[in-house]
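Worksheet for the structure shown next.
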Amino acid sequence: LPLAQKMGKAAALEIKENNCGIWLAPALNIHRNPLCGRNFEYFSEDPIISGIMAAEIIKGANSESLVTTIKHFALNDQESHRNGIFTWCDEQAMREIYLKAFEIPVKEAQPKGIMSAYNRIGTKWCGSSSALLNDLLRDEWGFEGYVVSDWGAVNERVKGLKAGLDLEMPGGNTTT
């Protein structure tokens, strides 16, 4: 684990050397689809190991005052049709497998940001789900940072703002 903190610190120094103050990482998602084109960038082998690794990397980045933004919250596991996919998962599996990797760094390392995913969980878009962003992330886990959308991932701007989305990145699909 000290090596993961060193990695986070080294990344922070390099990122700051290039005049950036935010790192859109680490990425956490348990693979459900082996064809997802972004699987290579995710901590994904196991929710506990993934969460602990992410927490340690964030701690290293935090030591250099670099803002980290963990992503893609949540159940983002495919690139094909990502702007319209419905992801179905029961509550127990979602909490024990797919959300645990996010819960650990939120509680142990306090990242400053979280990036919402493109997909829906059930019928609710991740970026406009109050149950996900307010009830779970902020109220239950105690997250105090900002929630940002991925580029083009907002489909319901007003619902998103009410649900706890703080920043919409460009290219959204919103009509309101």
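Observations on the model:
- Summing charges over neighbours of Glu64, with a neighbour being any other residue whose Cβ is under 9 Å away from its Cβ, gives +2 when K and R count +1 and D and E count -1.
- Accessible surface area normalised per residue over the chain is 49 Å², counting heavy atoms of protein chains with a 1.4 Å rolling probe.
- Inverse mean reciprocal Cα-Cα distance (Kirkwood Rh) of the range 1-57, Å: 12.4 Å
- Too-long pairs where the Cα-Cα distance tops 18 Å, listed order kept, from Lys59/Lys112; Lys6/Lys100; Lys71/Lys112: Lys6/Lys100
- Its relative contact order, with pairs defined as Cα atoms under 8 Å and 6+ residues apart, puts the range 1-101 at 39 percent.
- ³J(HN,Hα) computed for each position of the range 115-127 - Karplus, 6.51 cos²θ - 1.76 cosθ + 1.60, integer Hz, glycine/proline x: 9, 6, 8, 6, 6, 9, 10, x, 9, 9, 5, 4, x
- The share of accessible area on the range 36-170 that comes from carbon and sulfur is 54 percent, using a 1.4 angstrom probe.
- Annotation: lysines with alpha-carbon distance below 17 angstrom to Lys162 (same-chain offsets under eight excluded): Lys124.
The values are calculated or read from the model by the stated rules, or taken from the named source; none is laboratory data. Nothing here was measured: the structure is a model prediction, and the numbers come from that model. With ideal geometry, Cβ positions are generated from the backbone for all residues, glycine too; neighbour counts draw on all protein chains shown. All accessible areas refer to the heavy atoms of the entire protein, side chains included, with ligands and DNA or RNA removed. Shrake-Rupley method; radii C 1.70, N 1.55, O 1.52, S 1.80 Å.
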